[in-house]
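The values are calculated or read from the model by the stated rules, or taken from the named source; none is laboratory data. From a predicted model like this one, the values you see are computed outputs, not experimental measurements. As a convention, Cβ positions derive from the backbone with ideal geometry for all residues, glycine included, and neighbour counts pool all protein chains shown. The accessibility values were calculated without ligands, DNA or RNA, using every heavy atom of the protein model including side chains. Shrake-Rupley method; radii C 1.70, N 1.55, O 1.52, S 1.80 Å.
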Amino acid sequence: MRIGIGYDVHRLVVGRELVIGGVNIPFAKGLLGHSDADVLCHAVCDALLGAAGLPDIGHLFPDNDDRFKDARSLELLRDVAGRVRAEGFAIANVDAVVVAEKPKIAPFIEAIKTSLADALGIDARLVGVKATTTEGLGFIGDGLGIACHAAALLE
Ligand code: MG
């Protein structure tokens with residue numbers, strides 16, 4: 001068994017789509033980044049890569065590489081799952097917490113789990129996704145960004 005953790009933050013800005021776990025969520029702002037800035041996919045990528053002992057997402061998909069400009073991070077996650085399998089691991093489960101003041105993520109949780117499970121090539125029952133706020137505290141509470149924590153277990 002090998003465990004890995006991942007963490008990511010992106011800034012919320014006007015004029016961008018909000019994509020979380022590969023699911024488009026209607027909101028006045030979206031996350032800023034070189035790719036689609038899907039904070040959940042990025043955190044899960046790093047959890048998987050960490051568990052497998054592979055270089056992190058910034059190393060694999062540099063934000064100064066035009067190939068990854070506006071990349072769909074769900075496809076980066078699919079790529080990472082393939083790399084982890086190529087190392088001889090199976091994904092036992094993945095769990096994540098999205099930290100956002102707004103919008104409410106709860107209505108999209110099932111769609112997000114299905115989306116992540118498809119990219120990871122595992123059953124949706126092996127994918128945990130929760131959402132929480134910071135009770136109005138800090139940069140997340142001020143609505144300036146969204147963060148995500150993730151853990152992955154490989155066997
Ligand atoms: Mg990121």
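Within a Cβ distance under 15 Å of Leu154, other residues only, what is the Lys/Arg minus Asp/Glu net charge? Overall, the nearby charge balance is -1.
In region 1-108, with Lys and Arg counted as +1 and Asp and Glu as -1 at Cβ, which of these residues, Ala106, Ile25, Ala86, has the Cα nearest the positive end of the dipole, that is, farthest along it? About the Cα centre, the residue reaching furthest to the positive side is Ala106. Backbone phi angles across region 66-80, fed through the Karplus curve with coefficients 6.51, -1.76 and 1.60 (θ = phi - 60°), yield HN-Hα couplings of 4, 4, 9, 5, 6, 4, 7, 5, 4, 6, 5, 5, 4, 4, 4 Hz in residue order; Gly and Pro are listed as x.
What you get for region 2-154, charging only the Cβ of Lys and Arg (+1) and of Asp and Glu (-1), is a dipole of about 240 debye around the Cα centre. Between Asp142 and Ala90, the modelled labels are 4.7 nm apart [label points 7 Å from Cα along Cα→Cβ]. Note on the chain: with a GNM built from Cα contacts shorter than 10 Å, the maximum mean-square fluctuation among Leu32, Leu54, Leu40 falls on Leu54. Within the accessible area of the chain, what % is carbon and sulfur when the probe is 1.4 Å and the other protein chains stay in place? Carbon and sulfur: 55 percent of the exposed surface of the chain. For region 47-63, 3J(HN,Hα) computed residue by residue from phi via the Karplus equation (6.51, -1.76, 1.60; θ = phi - 60°) reads 5, 5, 5, x, 5, 7, x, 9, x, 6, 4, x, 6, 6, 10, x, 7 Hz, glycine and proline entered as x. When peptides 67-75, 136-144 are ranked by their average number of other Cβ atoms within 10 Å per residue, the highest-first order is 67-75, 136-144. Compared with the dominant principal axis of the Cα atoms in the chain, helix 109-120 is inclined by about 30°. Across all Cα atoms of region 2-154, the radius of gyration (one decimal) and Dmax (whole number) stand at 14.4, 43 Å.
If both residues of a DSSP beta bridge must be in the chain, then about 80% of such bridges are antiparallel. Positive end of the dipole of region 47-155, charges at C-beta (+1 Lys, Arg; -1 Asp, Glu), about the Cα centre: which of Ser115, Ala52, Ile146 has its Cα farthest in that direction? Of Ser115, Ala52, Ile146, it is Ser115.
Taking every protein chain into account, the accessible area of the chain amounts to 48 square angstrom per residue (probe 1.4 Å). Scanning residues 5 or more positions from Asp38 or on other chains, those with amide H under 5 Å from its amide H are Ser73, with H placed 1.01 Å from N in the peptide plane. For Lys130, the lysines whose Cα comes closer than 22 Å to its Cα, not counting residues fewer than 8 places off in the same chain, are Lys29, Lys102, Lys104, Lys113.
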